[in-house]
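Accompanying notes for the structure given below.
The values are calculated or read from the model by the stated rules, or taken from the named source; none is laboratory data. Since we're looking at a predicted model, the values are computed, not measured. All Cβ positions, even for glycine, are placed from backbone atoms using ideal geometry, and neighbour counts span all protein chains on display. Each accessible area value is taken on the protein alone, full model and side chains, heavy atoms only, with ligands, DNA and RNA left out. Shrake-Rupley method; radii C 1.70, N 1.55, O 1.52, S 1.80 Å.
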Amino acid sequence: MSTIAEKFARLSTDHAPGQEVRQSAGGLDALLRGEALKGTPVDFSHGDVNPSAFAPTPGSLEEFVAGFKRGGEQAYTEYRGGAELRERVAGHLATFTGRALSGADELIITPGTQSALFLAIAATVNAGDKVAIVRPDYFANRKLVEFSGGEVVPVSMNYLDHTDRAGLDLNQLEEAFKAGVKTFLFSNPNNPAGVIYSKQEIEQIAALANRHGATVIVDQLYSRLLYSGSSYTHLRASAINADNVVTIMGPSKTESLSGYRLGVAFGPKVLIDRMEKLQAIVSLRAPGYCQAVLRTWFEEPAGWMQERIAQHQAIRDDLLKVFRTVDGLAVRAPEAGSYLFPRLPAMSLSQHDFVRVLRQQASVTVTPGTEFSPHATDSVRLNFSQNHAAAVQAVERMVQLIQRYRA
């Protein structure tokens, strides 16, 4: 049994996205080569939300203010969120994912998708349970499972070896289920690599889950931001047992509404009921006034989403051109979302030291790949939802430092 100190030590936030500002530059002087590179600072650890990059959904502030004016009616909703709003959101999600959904019984509004993830894991995982997790995948997955007392069973995703699928090792997943895994957790599109699971991969995940009676928690946060030529298969619309799948979504990223802290989880009534009971003693509810902003979700002005996708795709393509000038660097073009996960060439610095040097000498912040898999010691993640010109210039400076510090 782990001590409480050991339990929290595994939740280290030293290199987590957004925490880099707490790191000191101590000990770097002996590692530095050459002069600092001038340019606009860019923080690729998260997307930039401002008028020069990507502003929130039109009408979001007005809906927040309207919620504020409604007062207690909006502030003190049911723990799972306002009833009328849940039905409204459920209608959109049912159409989007291709399967009927009850807003009354099968959906909960949470304080961000991170909270939804925590609640879903807590509702399904007992201490000692085996939980399959993809490597690489969202940085909180492993930490939340371990904090719950679960045992992580890794499943490889060889995303650099394929272009027609995510590259999940389905044989490993099947062996994990045979070994007693009862919960499988993954993101689609994948965070950090931005790849989409093929229809065949989703169908096989569903078949394996059905065969072994396993629960699947799928994070679909970026499933609206699909690039041209990409197709997407919703797990809940496959042949999977509806009682065994929880889907997590939210408007925080694609719609630039992260500051409102809104997410949703939808799935079988028994699990949503459990999640509400836990939310009631953790945060009570998603912020009441903020819930009103969900009225803009899936109701953006005509053409707004298409334009946002086109803007992100243009940034993606320009950054890929810069990265692909570096011999020995490997990067796959993401099919969705706003992440790049390049594998760097052999470097003279450790991954964490290079990340610190990059911030010190180029004013560029990235997240080390070890946040997403302990084996990703040669990769870094960039969220390119940024000002286009600033992002390109930042990656050009990054490439200069890669060349400067390569082995």
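Residue-level check: of (1) part of a loop (DSSP other than H, G, I, E, B); (2) open to solvent by less than 60 Å² (accessible area, probe 1.4 Å); (3) touching a residue at least 40 places away in the same chain (Cβ under 8 Å), T163 misses just (2).
Out of everything in segment 143-154 that is among the charged types (D, E, K, R) and either modelled with pLDDT under 95 or closer than 15 Å to P17 by Cα (or both), what residue ends up being least open to solvent (accessible area, probe 1.4 Å)?
K143
The set of residues from segment 368-407 being in contact with a helix residue (DSSP H, G or I) (Cβ under 8 Å, 6 or more places away or on another chain), in a strand (DSSP E or B) and either more than 18 Å from H312 (Cβ to Cβ) or at pLDDT below 95 (or both) comprises P368, S379, V380. Scanning segment 20-30 turns up no residue that is acidic (D, E), outside any helix (DSSP H, G or I), free of Cβ contacts under 8 Å to residues at least 24 places away in the same chain and closer than 23 Å to Y339 by Cβ.
Check whether at least one residue in segment 86-99 is among the aromatic types (F, W, Y), surrounded by fewer than 19 Cβ atoms within 10 Å (Cβ to Cβ) and over 24 Å from the mean Cα position of the chain (by Cα), and report yes or no.
So in segment 86-99, the residues among the aromatic types (F, W, Y) come out as 96.
Filter once more, so that each one left must be surrounded by fewer than 19 Cβ atoms within 10 Å (Cβ to Cβ): 96.
This time we only want the ones that are over 24 Å from the mean Cα position of the chain (by Cα), so: none.
So far as segment 86-99 goes, no, none of its residues is among the aromatic types (F, W, Y), surrounded by fewer than 19 Cβ atoms within 10 Å (Cβ to Cβ) and over 24 Å from the mean Cα position of the chain (by Cα).
Number of residues in segment 57-85 that are over 27 Å from E276 (Cβ atoms) and not in a helix (DSSP H, G or I): the value is 2. Scanning segment 166-189 for residues that are touching a residue at least 60 places away in the same chain (Cβ under 8 Å) and part of a loop (DSSP other than H, G, I, E, B) yields one hit, P189.
The helices (runs of 4 or more DSSP H) falling completely within segment 246-353 that include 2 or more residues that are of a type in the set (A, V, I, L, M, F, W, C) and crowded, with 21+ Cβ neighbours inside 10 Å map to 269-282, 304-323.
For segment 166-185, a residue qualifies if it is among the hydrophobic types (A, V, I, L, M, F, W, C) and either at pLDDT below 95 or surrounded by 18 or more Cβ atoms within 10 Å (Cβ to Cβ) (or both), and the qualifying residues are A166, L168, L173, A176, F177, V181, F184, L185. Hey, could you check segment 101-117 for residues that are in a helix (DSSP H, G or I) and not β-branched (V, I, T) and say which is farthest from G288 (Cα to Cα)? Filtering first and then ranking leaves L117.
Of all the residues that make up segment 345-363, how many are free of Cβ contacts under 8 Å to residues at least 60 places away in the same chain and closer than 22 Å to P136 by Cβ? Summing the residues that are free of Cβ contacts under 8 Å to residues at least 60 places away in the same chain and closer than 22 Å to P136 by Cβ in segment 345-363 gives 4.
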